[in-house]
């Protein structure tokens, strides 16, 4: 059975998509529904669905941001209320798109395309990234913060992003591990990791596990174990970080 993830920040369109999909693709099962981009990415990590239907304009991480993180590891259909001409690039490309309000016949075409895609090898990740870049060109990118505020005991400490080694989720909180005055320290953030992702520059920080985001420049080595797992070793730190299966492909010899 094909497993699907759908994401839309508005309940009515999300419910309509679920209903129309149930009619057009009864053999598929919706394993996760997300209300915004950060939740969609977290659900993708939890369920690793076979295909995703993502609204483009969502708070925090957009559908484009989520697709970039998925990086071609499963087909993505974009859902949008805007008939932007840039979307035409996707009609013959690695992903498809639907314009709201949904048309049952158009959705059936997307389902047919997805089913064919799932029978073929994975899409060209580089080509997909170029298409995503074209679609994202008109979107305003956030200004990535240079610092963040974290709690250490009764203090609120200002931590430079350049000093961060990694972030690790801890129940409702996120632990940030950083270097200050040559010493490794840690502090707690009240922001869950899945929401913090929207504030992190993807060129500097790489998610490697559902609960771990690491500063790419701090990675020294990636080591496979005999059981097929992988651990990261960091520069100047004794800590090792787990790499979950969806991210192991990021670390391979050139």
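The values are calculated or read from the model by the stated rules, or taken from the named source; none is laboratory data. Just so you know, these numbers come straight off a predicted model, no measurement behind them. In this analysis, Cβ positions are derived from the backbone assuming ideal geometry, glycine residues included, and neighbour counts consider all displayed protein chains.
Identify, from the list 94, 104, the residue that is closer than 26 Å to residue 27 by Cβ and either surrounded by fewer than 17 Cβ atoms within 10 Å (Cβ to Cβ) or modelled with pLDDT of 80 or more (or both).
104
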Checklist entry - Yes or no: residue 182 modelled with pLDDT under 90, loosely packed, with under 13 Cβ neighbours inside 10 Å and assigned by TED's automatic domain parsing to the domain that holds residue 234? => result no
Next on the checklist: Looking at region 188-196, can you tell me whether even one residue there is exposed (fewer than 13 other Cβ atoms within 10 Å of the Cβ) and at pLDDT below 90?
Outcome noted: yes
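Of all residues in region 222-254 being assigned to a helix (DSSP H, G or I) and touching a strand residue (DSSP E or B) at 6+ places or on another chain (Cβ under 8 Å), which is nearest to residue 44 (Cα to Cα)?
Our first condition is that a residue be assigned to a helix (DSSP H, G or I); within region 222-254, this holds for 245-250.
Then keep just the ones that are touching a strand residue (DSSP E or B) at 6+ places or on another chain (Cβ under 8 Å); that gives 247-248, 250.
Working: 247: 12, 248: 16, 250: 17 Å.
Taking the candidates together, the pick is 247.
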Next on the checklist: For region 20-29, check the following and say yes or no: at least one residue is at pLDDT 95 or above, in a strand (DSSP E or B) and under 23 Å from residue 244 (Cα atoms).
Outcome noted: no
Next on the checklist: If I filter region 59-82 for residues that are more than 28 Å from residue 247 (Cβ to Cβ), free of Cβ contacts under 8 Å to residues at least 24 places away in the same chain and over 11 Å from the mean Cα position of the chain (by Cα), do I get at least one hit?
Outcome noted: no
Checklist entry - Would you say residue 250 is in contact (Cβ under 8 Å) with a residue 40 or more places away in the chain and either touching a helix residue (DSSP H, G or I) at 6+ places or on another chain (Cβ under 8 Å) or more than 24 Å from residue 162 (Cβ to Cβ) (or both)? => result no
Checklist entry - What number of residues in region 186-216 are touching a helix residue (DSSP H, G or I) at 6+ places or on another chain (Cβ under 9 Å) and either outside any loop (DSSP other than H, G, I, E, B) or closer than 19 Å to residue 245 by Cβ (or both)? => result 17
